[in-house]
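The values are calculated or read from the model by the stated rules, or taken from the named source; none is laboratory data. Here the structure is a predicted model, which is why all the values come from computation and not from measurement. In this analysis, Cβ positions are derived from the backbone assuming ideal geometry, glycine residues included, and neighbour counts consider all displayed protein chains.
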Amino acid sequence: MERSKRTRFSSAVRKLECLRPVEKAYIVQEDLLRSKIPARDIELTGKNETVTGAKFDFRDEIIEAASKIFRRDHMERLRTCLQCGKCVGSCPSGRMTSWRIRRLLQEATLGLRDNVCSDENLWDCTTCYTCQERCPHGIPTTDIVRVIRNLAVRSGHMKEKHKKVCQMFLTYGHAIATSDEIRNIRKRYGLRELPPTVLSHPEQLKEVLYILEKTGFKIMVEGSGK
Amino acid sequence: MNRYSYFLGCITPNRYPGIELATRKVLGTFDIEILDVEGASCCPAPGVFGSFDLMTWLVVAARNICIAEEMNSDIMVTCNGCYATLHEANYLLKQDDKLRDDVNIILKTVNREYKGIVKVKHVIEVLSEDIGYERIKQKLSRPLSGVKVAVHYGCHFLKPSEMRRHGSSERPTIIDDFVRALGAQSVSYKDKLTCCGAGGGVRAGSSDLALNYTRSKIENIVHEGADCVVTPCAFCHFQFDAGQVELSETQGKQFKLPVVYLTQLLGLALGMSSEDVGLDGNKTQVQSLLEKLRVQQIAHAVKK
């Protein structure tokens, strides 16, 4: 890209240092729309910090990743978010933490990939689906949270505590292990001491672990995390 | 005679075997045959493993469904998390041929194939559709009259409603109707449809936040004078029951709210003892509820 244009964007952003990254990104994006420059070619670098890690095709990346599992036409609805706020007003975690589902959708749209993926609040969503139920545009917001978390994990953001749950899964094929106490209770109830799951079938456990290796889950868990 | 593959998941067999016990006993009295899903694993948890890698989540879920397919019987679950995963995986794989092929390529390496020939049902659906509340009413030997029950629906049984198709997720009635069929009163309380706090990896990742949800729910339930909370989900059950111990340890909040699973409540109404339905495995006391049942029963006998 020519130098003059790059300078113009960085200076426009620099003037607005007091703003949050998301607000800066808004202004820059409006500039981009007016100038009709392909978004992905823009290099956002200022003398001081400007918009860090902005990636204007992040929304496309989310929709692509989501469409591998979910219906593409549902996921494309992400493009129709009007920031009406019905989601955030319905969110129970939003009452108790600084997690804001509306801001996530806004930042995702604006391409603030690093902000979104490294935000600890992303993990405050209990996936209760209330926002998804109520979104007037039918945006599958909760599923999008799960997809963005997938991308965050692949970018190396996984809590230690979550890694431990994964290790349980990679060891026992269950998210929770049994214990002597539980085995005794089961026996007293007249149930099989070990439930009829992979816990009583080592060869089937091997099968599950093989799948976890085959899908790349094992490597992903071992390679990610802070 | 109806038969189901009982998919246990993780929490039911490894933390609350009482739920498993009650479910097997209660369904047995209504001639529902229960088969074991030998070699099943974690479902895997929708908001935990689904948040880490959706493809892995889907393939392991499909493998679990495959086992039931090989047994040629529909799946029944007692956990909303298992329900969410298996129901959603079944739904996604039935509607998308390309996705099914992708999943089957991996399953082929372990000599399995997802076919899409079984249904996934929650135990409340078995109770309401296969057995029917009218038939349940006729069999009650100890109706729970005078007992005030707070119904907790949990999230993933109802939502996303587009997929679950249990009617409105804002005004559900299926469990309230069940509680009333048992002769008890279903009390309304503030934020009745709010999450227990455990889902989405929050219990594992930020237990304080999960407990704040739970505290708020329990306070609202206690405020209405309920004798117990009834849950349709082993994970919510865990969060309410173990959560009360954790709330006392971390926040100094003392609650004594009995936590009862759907089939445990039904077992009590069928005249079973609290040991018969595995309520002795709870961490929080259930004596206050049992005492109330006893008093109501005596009052009932005197009236007669």
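Laid out as a table, the results:
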| item | result |
| --- | --- |
| Cross-chain or 6+ apart pairs with Cβ under 6 Å, the stretch B:88-111 first and modelled with pLDDT of 95 or more, then among the basic types (Lys, Arg) | B:93/B:100; B:106/A:214 |
| Residues of the stretch B:1-58 that turn out to be of a type in the set (D, E, K, R), at the interface with chain A (Cβ under 9 Å from one of its Cβ atoms) and more than 18 Å from the chain's Cα centre (by Cα), as a count | 2 |
| Top-ranked residue in the stretch A:216-226 [being surrounded by fewer than 18 Cβ atoms within 10 Å (Cβ to Cβ) and not in a helix (DSSP H, G or I); ranked as nearest to the other protein chains (Cβ to nearest Cβ)] | A:216 |
| Scope the stretch B:140-168; condition out of contact with any Gly (no Cβ under 6 Å at 6 or more places or on another chain) and more than 19 Å from residue B:229 (Cβ to Cβ); matching residues | B:140, B:159, B:160, B:161, B:162, B:163, B:164, B:165, B:166, B:167, B:168 |
| Candidates B:27, B:54 - the one that is in contact with a strand residue (DSSP E or B) (Cβ under 7 Å, 6 or more places away or on another chain) and either in contact (Cβ under 8 Å) with a residue 24 or more places away in the chain or of a type in the set (A, V, I, L, M) (or both) | B:27 |
| Qualifying residue in the stretch B:197-206 (condition: closer than 28 Å to residue B:34 by Cα, within 14 Å of another protein chain (Cβ to nearest Cβ), buried (at least 18 other Cβ atoms within 10 Å of the Cβ) and modelled with pLDDT of 95 or more) | yes |
| Positions within the stretch A:147-201 being more than 7 Å from chain B (Cβ to nearest Cβ), touching a Gly at 6+ places or on another chain (Cβ under 9 Å) and closer than 20 Å to residue B:9 by Cβ, in sequence order | A:199, A:200 |
| Residues (in contact with a Cys (Cβ under 9 Å, 6 or more places away or on another chain) and surrounded by 19 or more Cβ atoms within 10 Å (Cβ to Cβ)) located in the stretch A:95-107 | A:99, A:100, A:101, A:102, A:104, A:105 |
| Qualifying residue in the stretch B:118-132 (condition: within 17 Å of the chain's Cα centre (by Cα), assigned to a loop (DSSP other than H, G, I, E, B), touching a residue at least 24 places away in the same chain (Cβ under 8 Å) and surrounded by 17 or more Cβ atoms within 10 Å (Cβ to Cβ)) | no |
| Residue list for the stretch A:180-219, filter: of a type in the set (Lys, Arg) and over 16 Å from residue B:56 (Cβ atoms) | A:183, A:186, A:187, A:188, A:192, A:206 |
| Hey, residue A:146 part of a helix (DSSP H, G or I) and more than 17 Å from residue B:61 (Cα to Cα) or not | no |
| Single unsatisfied condition, residue A:205 versus (1) of a type outside the set (Lys, Arg); (2) part of a helix (DSSP H, G or I); (3) more than 34 Å from the chain's Cα centre (by Cα) | (3) |
| Failed item, numbered, when residue B:127 is tested on (1) under 29 Å from residue A:126 (Cβ atoms); (2) within 14 Å of another protein chain (Cβ to nearest Cβ); (3) hydrophobic (A, V, I, L, M, F, W, C) | (2) |
